[in-house]
1. Just need a number here: residues in segment 368-392 that are at pLDDT 95 or above and under 23 Å from Phe300 (Cβ atoms).
2. So, in segment 213-240, exactly how many residues are part of a loop (DSSP other than H, G, I, E, B) and within 24 Å of Cys293 (Cα to Cα)?
3. Restricting attention to segment 133-161, which residues are of a type in the set (Gly, Ala, Ser) and either within 16 Å of the ligand (Cβ to nearest atom) or touching a residue at least 24 places away in the same chain (Cβ under 8 Å) (or both)?
4. Can you pull out the residues in segment 205-223 that are open to solvent by 10 Å² or more (accessible area, probe 1.4 Å) and more than 9 Å from the ligand (Cβ to nearest atom)?
5. Which one of Thr241, Thr226 is modelled with pLDDT of 95 or more and in contact with a strand residue (DSSP E or B) (Cβ under 8 Å, 6 or more places away or on another chain)?
6. Of the residues Ala197, Ala244, which is in a helix (DSSP H, G or I), surrounded by fewer than 24 Cβ atoms within 10 Å (Cβ to Cβ) and near the ligand (Cβ under 10 Å from one of its atoms)?
7. Being touching a helix residue (DSSP H, G or I) at 6+ places or on another chain (Cβ under 8 Å) and closer than 22 Å to Leu150 by Cβ is the requirement here; does Gln64 meet it?
8. Can you tell me which of (1) under 14 Å from Leu161 (Cβ atoms); (2) assigned to a helix (DSSP H, G or I) is the one Phe120 doesn't meet?
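The values are calculated or read from the model by the stated rules, or taken from the named source; none is laboratory data. The structure displayed is predicted, hence computed values, not measured ones. Virtual Cβ from ideal backbone geometry, glycine too; neighbours counted across all protein chains shown. We work out accessible area using only protein heavy atoms, side chains counted, and drop any ligands, DNA or RNA first. Shrake-Rupley method; radii C 1.70, N 1.55, O 1.52, S 1.80 Å.
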Amino acid sequence: MSSAVATEIKTIDNFIQGQYKAPKKGEYFEDIDPATGKAIAKVANGGAEDIDEAAAAAKLAFEQGPWPRMSMQERCAILRKVGDLILKNLETLAIAETVDTGKPISESREGDIPRSAQNFHFFSDYAQALNDDSYSVNANERHLAIREPLGVAGLITPWNLPLYLATWKIAPCLAMGNSCILKPAEWTPHTANLLGALMQEAGVPEGVFNVVNGFGAKSAGEALTTHPDVRCISFTGETSTGRAIMGAAASTLKKLSFELGGKGANIIFEDADLQEAIPTAIRAAYRNQGEICLAGSRLFVQESIYNKVRDELLERVKQIRVGNPLDEKTQMGAIISKEQLQKVQSYIEIGKNDGKLLFGGERLTTLGEGNYLSPALISEIDNKSRVCQEEIFGPVLPLIPFKAEEELVEMVNSTPYGLSCSVWTNDANRQHRVSRDIKSGIVWINCWFARDLRTPFGGQKSSGVGREGGRWALEFFSEMKTICFRYKSGQ
Ligand code: NAD
């Protein structure tokens, strides 16, 4: 694999039946580097006809190929090798991811890419530990509950953590013996494209892993969600897209798993360890330019320590180094696209009206044509402001004071989202009460972003449907069959 991917304009085709293939209609669109505004690739604009081809390849691989018929051990050995190859090509993949997304190279190198390898390593081990159930009914009758693969799976992913979120679905999906079609986000197709070659090198049979590039509505994404041979859709993206997919998938009754938007609360009580809470609040708000579903994107601070926390945050936000994503010292890179930049800026304008912009929110044109924005910190804002209620998905942190726990819980639960939140307090009873009362898929106590791949991951309310991670992912990508054995007695 050549690291030239980061600097040359290349062609990104679909990957179907073990081959890179031009889209059937021959149409391509440009992939833009967020840090320069320049085109870095022309990308296959796949459509329904490409999804048809990929679905036929995936179906053939499932119905006649070796993949679902291999022993679990053999299949997982191949998937483990995919993880090894990701690590072997870490630098190439990290550069490709950073150039595609605008995220700091340190985050790709130390976070996204190693974690993508870990997805394969983890699920290839974990799937082997899965067992079937046996029920002895009486001396002559036994019922087995066994898990079978679904067939062809559709995987649809967003642009913020491209390889990590794709592999988080691909690894459990393939471990269970399915074949799949991945539709990566149109803005970030590079690492999914490189993954095709790595899959082949590892020995994943043709047709088991397919990639169709393109857009969502009325394009490749929608075609995947309506295809009759696709049995399930695992989707990560916006809540509104989840709604559209649920509607589109109804006519073919697909199994669905949705990881959707978030408006994570970070809560600092007056007894918290501020030495830990404040730097973590900065990371939670601005890591990956704030383009993380789990971001702590609104900060609740107890009134008695509000001024102190605000002043310390302000000092730290001013220190965040925004710059070229490929520079190792950069802490915040470029926003993914001009559209997203404008969306973030429009929320900063709302923040200026509804509160006080303490710092940032400025286009940093001195850094060039890229989508650079200084991290924004907003105070004196009411929790009812759209800045505190809606997902911005950018480097904007509103600070909201609260007096007491009861009022706080109500404020935290007031958004339609319920993905994650962090609670900073040393009072064990309060830790219990708040984690019980907040409607959220994940509650972190005195930490943020702590993840163990064995635990369930997903959102409550408008943040998701179902759970991925650990056995929940393996269960999603399979279905149960009950087989009842009755034996003749008396022989
Ligand atoms: P998006 O919903 O716009 O797009 C995600 C994917 O869906 C893309 O591949 C897109 O092409 C496709 N798509 C769009 N419309 C479609 C349709 N009608 N049918 C089928 N496919 C369609 O999301 P995005 O802007 O790429 O990503 C940002 C969003 O993702 C944020 O809301 C963020 O919170 C969410 N996200 C959630 C998690 C999580 O784990 N809960 C993780 C990362 C990102």
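1. First, pick out the residues of segment 368-392 that are at pLDDT 95 or above: 370-379, 381-392.
Subsequent filtering for residues that are under 23 Å from Phe300 (Cβ atoms) retains 375-379, 381-392.
So the answer is 17.
2. So the count comes out to 7.
3. Once the filter is applied, which keeps residues that are of a type in the set (Gly, Ala, Ser) and either within 16 Å of the ligand (Cβ to nearest atom) or touching a residue at least 24 places away in the same chain (Cβ under 8 Å) (or both), segment 133-161 yields Ala139, Ala145, Gly151, Ala153, Gly154.
4. Pro205, Glu206
5. The match here is Thr241.
6. Just one listed residue meets the conditions, Ala244.
7. Criteria not met by Gln64.
8. (1)
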